[in-house]
1. Among the residues of region 95-118, is any among the charged types (D, E, K, R), closer than 20 Å to Ala165 by Cβ and out of contact with any strand residue (DSSP E or B) (no Cβ under 8 Å at 6 or more places or on another chain)?
2. Filter region 97-116 down to the residues that are of a type outside the set (Gly, Ala, Ser) and farther than 24 Å from Ala174 by Cα, then identify the one that is surrounded by the most Cβ atoms within 10 Å (Cβ to Cβ).
3. Which ones in region 78-91 are farther than 16 Å from Ala163 by Cα and of a type in the set (Asp, Glu)?
Amino acid sequence: MAHAVVGLGNPGPDYRDTRHNVGQRVLDLLTRMLKKSWRREGQALVAQGQWRGETVHLIKPLAFMNVSGPVVAKALRQAGVGPADLILVYDDIDLPLGAVRLRMKGGHGGHNGVRSVIESLGTQEIRRVKVGIGRPERKDDVPDHVLTAFDEDELPVVDAAVAEAAERVLALLA
């Protein structure tokens, strides 16, 4: 049986270290843990490995967050993996910085990247690992907040959350 783990984020070096790309940070750690490297396949970076005898496809869409669903759907088809064997990893402004939460299904919760994936796959039955990035005080600051890099003093908390999220992904695969 094959599984897919998708880390949501925005493409390119300008976004690599932003809060919105914490899901892709988790996938970068997973590729190091599985001793694999990325290769480009269409509009996604893909790494394939094994975890406890199971094939795992790690996928980072190379589309902007809000329109990543079609890229995710195509990558899953190419990998021969359905939504039931998908784990989606992404940032959550409703969780405190560094918190990690699992969710086995549900709506998009206002996250446009998750909305795009749900619409493209036609189901809310998607396992998720959410990493808290904290919410700004003012609602108007949300777009800027998710597109800024973490402060230097936040990095130890973020690194610990990324490691915890990677471990939770591996536990879900087991």
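1. At the first step, the residues of region 95-118 found to be among the charged types (D, E, K, R) are 101, 103, 105, 115.
Right, trim to closer than 20 Å to Ala165 by Cβ and you get 101, 103, 105.
Checking which are out of contact with any strand residue (DSSP E or B) (no Cβ under 8 Å at 6 or more places or on another chain) leaves us with none.
No, that holds for no residue.
2. We begin by selecting, within region 97-116, every residue of a type outside the set (Gly, Ala, Ser); these are 97, 100-105, 108, 111-112, 114-115.
Subsequent filtering for residues that are farther than 24 Å from Ala174 by Cα retains 97, 108, 111-112, 115.
Working: Leu97: 17, His108: 14, His111: 24, Asn112: 15, Arg115: 17.
Once the filter is applied, the top-ranked residue is His111.
3. Asp85 - this is the single residue of region 78-91 that is farther than 16 Å from Ala163 by Cα and of a type in the set (Asp, Glu).
Conditions (1) over 18 Å from Ala63 (Cα atoms); (2) among the aliphatic types (A, V, I, L, M); (3) surrounded by fewer than 15 Cβ atoms within 10 Å (Cβ to Cβ), marked per residue:
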site: Ala75; (1), (2), (3): no, yes, no
site: Gly82; (1), (2), (3): yes, no, yes
site: Leu95; (1), (2), (3): yes, yes, no
site: Ile118; (1), (2), (3): no, yes, no
site: Leu121; (1), (2), (3): no, yes, no
site: Gly132; (1), (2), (3): yes, no, no
site: Glu137; (1), (2), (3): yes, no, yes
site: Asp141; (1), (2), (3): yes, no, yes
site: Glu152; (1), (2), (3): yes, no, yes
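Since every read-out is calculated from the coordinates, none of them should be taken as a lab result. Model, not experiment: these values are computed from the prediction. Heads up, the Cβs are rebuilt from the backbone with ideal geometry, glycines too, and the neighbour counts pull from every protein chain shown.
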